[in-house]
Number of protein chains: 2
Amino acid sequence: MLDYKLLAALAAVVDQQGFERGARHLGLTQSAVSQRIKLLEARLGQPVLVRAPRLAPTALGRRLLEHARQVQWLEHDLLEQVPALGESKQRLRLAINADSLATWWAPAVSEFCARPPILMELLVEDQDVALKRMRDGEVAGCICATPQPVQGARVHPLGSMRYRALASPAYLARHFPRGPSPEAFRTAPVIVYGPDDRLQHRYLALHGFREAFPHHLCPSSEGFVRLALAGMGYGLIPEQQVTRELEEGRLVDLDPGRHVEVPLYWHHWRHGGRTLDALTSHLLATARQWLAPLDDG
Amino acid sequence: MLDYKLLAALAAVVDQQGFERGARHLGLTQSAVSQRIKLLEARLGQPVLVRAPRLAPTALGRRLLEHARQVQWLEHDLLEQVPALGESKQRLRLAINADSLATWWAPAVSEFCARPPILMELLVEDQDVALKRMRDGEVAGCICATPQPVQGARVHPLGSMRYRALASPAYLARHFPRGPSPEAFRTAPVIVYGPDDRLQHRYLALHGFREAFPHHLCPSSEGFVRLALAGMGYGLIPEQQVTRELEEGRLVDLDPGRHVEVPLYWHHWRHGGRTLDALTSHLLATARQWLAPLDDG
């Protein structure tokens with residue numbers, strides 16, 4: 001089979017009369033579209049486009065476009081008979097940090113996705129990986145704590161999530177009978193999301209504690225809460241993830257009144273298409289229901 | 001710095017008078033220990049052990065062991081002053097499937113980990129990756145749905161988790177006003193954990209439905225439940241993860257009485273040390289509180 005991604009890039013650039021508009025039409029970056037056309041030309045050993053006096057296909061390019069149209073029509077017929085085949089085109093690929101996914105993300109976007117149904121492919125990634133996926137064009141948007149956009153993307157502050165140091169009452173009675181102290185911090189088991197999670201260090205720094213501490217590693221938001229409820233450690237948990245456990249006293253503050261705030265930003269491709277733009281407007285309007293205002297936002 | 005992992009392998013084999021016992025002492029597989037000693041010999045260009053008439057270090061091996069002991073004593077002194085440094089030795093590295101971590105895992109092991117504190121490094125992996133990590137010696141145990149052990153490991157059936165097809169009442173009213181039907185399955189958005197998740201297919205096969213269906217992808221147990229609660233799709237959710245949401249009617253059955261069972265097995269290294277053996281006994285005794293009996297168990 002031919003590589004139809006390459007033909008689709010050619011068709012979009014010719015139809016939309018430009019690389020930038022063609023890329024926007026496909027929901028790709030301009031550089032991805034140019035690379036696809038270069039690759040097509042490299043494979044064929046001949047140009048498929050002339051850039052001047054105006055953007056137009058070469059004879060070979062025209063023949064390819066004709067073929068691509070035929071295939072599109074065949075697909076069109078097929079889709080009418082097998083509509084589910086078409087859905088992958090509508091699926092928005094986004095990288096979301098685990099704690100957002102475990103809390104406010106679904107209620108914030110559900111109305112937007114309801115009708116006509118918009119399908120999402122969500123990736124759970126910490127921020128460095130999420131931004132790398134943005135850069136590589138693997139996701140159209142991401143939520144992370146970094147305010148610097150990658151090239152070709154825009155970034156918007158959404159608000160911040162509040163984390164509190166929480167544990168089960170039995171755990172606190174055993175490990176912190178006299179409240180937070182350097183002695184207790186040295187020996188009380190902590191739950192940490194993963195080796196790159198610095199929240200616990202930020203929290204302990206508030207207490208002036210900068211030594212090592214024993215910890216479990218648990219890279220699952222829900223698993224993290226379950227370990228805390230089971231009394232295996234204390235940990236920094238998003239307040240809104242455990243509203244009920246706090247009300248019922250199944251989780252209690254190690255340190256009432258103290259918390260750590262984590263800012264969240266929405267990154268999205270600049271030319272990611274209408275759906276992505278609409279999602280951006282929707283998020284900016286709704287996220288504040290779940291997130292605290294940012295100092296800089 | 002020298003690679004002390006290699007020296008530790010040499011010391012264990014000499015002290016325990018055998019590769020198998022040395023490996024058990026270190027909580028490694030025998031093949032990992034042999035590889036380390038081979039690597040050490042390859043780096044030095046000389047043997048460090050003679051195998052016959054009895055296992056003994058060569059002159060070079062003895063010099064290395066002497067150095068290793070000195071370093072161990074220095075470390076011993078250091079650990080007395082900085083106890084937290086020693087904790088990583090006690091941390092058990094295990095791969096657990098996301099849904100177990102989101103439900104029964106923490107209550108099942110918390111008592112075992114309580115005193116003396118045992119720390120865990122948990123990896124969230126689907127089963128193929130989990131077994132690969134077992135094979136590579138990266139984790140000492142894993143929970144997955146496969147009954148076949150990897151080489152050097154044992155496997156024990158734990159029980160099964162029950163999954164039900166659940167959604168919000170508003171979602172059901174909109175997408176399944178007349179209950180399950182092929183027409184509804186063709187258009188109603190589904191939530192699927194990831195591309196390798198076949199649970200939804202197993203469920204639809206119970207209805208004789210084998211066509212494509214529109215779906216979101218959400219590789220987070222908690223995110224999955226949040227999407228369902230927000231009405232973005234229906235999906236197969238472990239019953240015990242949402243006891244409360246079911247009681248309160250925030251999630252309801254698409255198909256009351258029907259469910260899919262997923263068997264779970266505990267895989268662990270055969271010579272993984274006393275802590276791992278004790279965890280195995282503990283799991284086998286407690287898991288039945290949370291899991292249904294397996295047909296074959």
Handout entry: Eligible aspartates and glutamates near B:Lys38 by straight Cα distance, threshold 14 Å, same-chain separation 8 or greater
Key = B:Asp3
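Just the ratio, please: alpha-carbon radius of gyration of the protein assembly as shown over 2.2 N^0.38 Å, N its number of residues. Intermediate results must be reported in sequence, preceding the final value.
Values: Rg = 27.9 Å, N = 594, 2.2 N^0.38 = 24.9 Å.
The protein assembly as shown yields a ratio of 1.12.
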Handout entry: Whole-Hz ³J(HN,Hα) from phi, Karplus 6.51 cos²θ - 1.76 cosθ + 1.60, for the range A:178-190, glycine and proline x
Key = 10, x, x, 7, x, 4, 5, 4, 5, 10, 6, x, 10
Practice task
Within the range B:5-47, which residues have the backbone N less than 14 Å from the label spot 7 Å out from B:Thr58 along Cα→beta-carbon, could you tell me?
Solution key: B:37-47
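For chain A, what does the equivalent ellipsoid look like in terms of its semi-axes, each the square root of 5 times an eigenvalue of the Cα gyration tensor, given largest first in whole Å? Mind showing how you got there, number by number?
Values: eigenvalues 494, 72, 53 Å².
Three semi-axes, in Å: 50, 19, 16.
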Problem - Share, in percent, of DSSP beta bridges within the protein assembly as shown that are antiparallel, nearest 5 - result: 65 percent
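Kindly provide the Kirkwood hydrodynamic radius of the range A:164-288 in Å, to one decimal, from all pairs of distinct alpha carbon atoms. It would help to have the intermediate numbers written out before the result.
On the way: mean 1/r = 0.0621 Å⁻¹.
Taking the inverse mean of 1/r over all distinct Cα pairs, the range A:164-288 comes out at 16.1 Å.
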Problem - Where N is the number of residues in the range B:121-223, Cα Rg divided by 2.2 N^0.38 Å - result: 1.36
Exercise for the section: Go through A:41-49, B:266-274 and give me the packing order, highest mean Cβ count within 10 Å leading. Expected result: B:266-274, A:41-49
Problem - Taking only Cα atoms of the range A:180-232, radius of gyration then Dmax in Å - result: 11.1, 29
Completion exercise
Counting other chain Cβ atoms within 10 Å of each Cβ in A:168-179 and taking the mean gives 1
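Please give the net charge around A:Asp196, taking every other residue with its beta carbon less than 9 angstrom from that of A:Asp196, where Lys and Arg add +1 and Asp and Glu add -1. Working shown, then result.
On the way: positive: A:Arg198; negative: A:Asp126, A:Asp128, A:Asp197.
Once positives and negatives cancel, what remains is -2.
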Exercise for the section: Could you work out the relative contact order of chain A, using alpha carbon pairs under 8 angstrom and six or more residues apart, expressed as a whole percent? Expected result: 22 percent
Exercise for the section: Just rank A:Thr103, A:Thr187, fewest to most, by other beta-carbon atoms within 10 angstrom. Expected result: A:Thr187, A:Thr103
Problem - Relative contact order for the range B:1-58, counting Cα pairs under 8 Å that sit 6 or more residues apart, in percent - result: 27 percent
Exercise for the section: Point me to the residue of chain A whose C-beta lies closest to the A-onto-B rotation axis, rounding the distance to whole angstrom. Expected result: A:Glu222, 2
Handout entry: Residue-averaged beta-carbon neighbours from other chains (10 angstrom radius) around A:93-105
Key = 3
Problem - Under 19 Å from A:Lys5, Cα to Cα: aspartates and glutamates that are on another chain or at least 8 residues apart - result: A:Asp15, A:Glu20, A:Glu41, A:Glu66, A:Glu75, A:Glu87, A:Asp136, A:Glu138
Completion exercise
What helix-only [θ] at 222 nm does the protein assembly as shown give? Using -39500 (n - 2.57) per DSSP H run of at least 4, over all residues, to the nearest 500, the answer is -13000 deg cm²/dmol
Exercise for the section: Could you order peptides B:125-138, A:241-254 by the average number of other Cβ atoms within 10 Å of their residues, highest first? Expected result: B:125-138, A:241-254
Handout entry: Amide H partners (placed H, <5 Å) of A:Leu92, local residues excluded
Key = A:Leu119, A:Met120, A:Glu121
Handout entry: Computed label-point distance, nm, for sites B:Gln17 and B:Asp277 using a 7 Å Cα→Cβ extension
Key = 1.9 nm
Problem - Average beta-carbon neighbours from other chains, 10 Å sphere, peptide A:110-116 - result: 4
Exercise for the section: Pull up all non-local amide H partners of A:Trp290: gap of 5 or more, or a different chain, and H-to-H distance under 5 Å with H placed in the peptide plane. Expected result: none
Completion exercise
Nearest 10, in degrees from 0 to 90: the angle of helix B:274-286 to the longest Cα principal axis of chain B is 20 degrees
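Quick check on the range A:162-261: of the DSSP beta bridges with both residues there, what percent are antiparallel, nearest 5%?
Details: 8 of 12 bridges.
Rounded to the nearest five, the antiparallel share is 65 percent.
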Problem - Burial order of peptide ranges B:255-261, B:57-63 (average beta-carbon count within 10 Å, highest first) - result: B:57-63, B:255-261
Handout entry: Cubic angstrom per residue, convex hull over Cα atoms of the range B:213-269
Key = 132 Å³
Problem - Formal net charge of residues neighbouring B:Leu39 (Cβ-Cβ distance under 13 Å; K, R +1; D, E -1) - result: +2
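Contour minus end-to-end for B:Ala114 and B:Val50, with contour as 0.36 nm per residue of separation and end-to-end as the Cα-Cα distance? Present the calculation step by step, with values, prior to reporting the outcome.
Numbers: separation 64, 0.36 × 64 = 23.04 nm, distance 4.34 nm.
Working it through step by step, the gained length comes to 18.7 nm.
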Problem - Rounded to whole Hz, the Karplus (6.51, -1.76, 1.60) HN-Hα couplings of the range A:141-158, x for glycine and proline - result: x, 7, 10, 7, 8, 9, x, 7, x, 7, 4, x, 10, 10, 9, 10, x, 9
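Any read-out appearing in this document is the output of simple, stated calculations on the displayed coordinates, not a laboratory observation. Source: prediction; values computed, not measured. All Cβ positions, even for glycine, are placed from backbone atoms using ideal geometry, and neighbour counts span all protein chains on display.
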